[in-house]
Amino acid sequence: MRTARAAALIAVASIGAFHAQTPAPPGTPTGDSVRGKRLYEQTFRCYGCHGYDAQSGSPRLVPMTRTQAAFITFVRKPSSPAMPSFADAPMQDLADVYAYIRSLPATAPSVDSLPILRDILQRRTSRP
């Protein structure tokens, strides 16, 4: 019983530790994050590989560790064969997508935000 709770807490803590160690890139995005969300989801369909929250796909985009210039360079001419090239995408569109990705929170989930884990822990602690 205590082992399951300890394992759950360690998992949540390790996610938080990962995010705490990742430095934020310098500079402020120059794009429009609201428009970037629409481009991310509807035009470029980035969610297909990276998830709607940019954290659940592969590779994870949040927290974004690239500068805006490095992001645009990579998206236009990716070094990974799995990533499609967006060489013809307008610069402003890519800046908007970058701004959207940077606007997404890079926080670790809490136990309360994971209903299954929360229920398991509540059942374990409510037993005599």
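FYI, it's all coordinate maths here, none of it is from the lab. Just so we're clear, the structure is a prediction, and the values are computed from it rather than from any experiment. Heads up, the Cβs are rebuilt from the backbone with ideal geometry, glycines too, and the neighbour counts pull from every protein chain shown.
Residues in the range 84-98 that are surrounded by 12 or more Cβ atoms within 10 Å (Cβ to Cβ) and either touching a strand residue (DSSP E or B) at 6+ places or on another chain (Cβ under 9 Å) or without any contact (Cβ under 8 Å) to a residue 12 or more places away in the chain (or both): 84 only. For residue 112, the criteria (1) touching a Lys or Arg at 6+ places or on another chain (Cβ under 9 Å); (2) under 24 Å from residue 29 (Cα atoms) hold in every case but one, which is (2). The residues in the range 51-60 that are surrounded by 13 or more Cβ atoms within 10 Å (Cβ to Cβ) and either touching a Cys at 6+ places or on another chain (Cβ under 7 Å) or under 17 Å from residue 76 (Cβ atoms) (or both) can be counted, and the count is 1.
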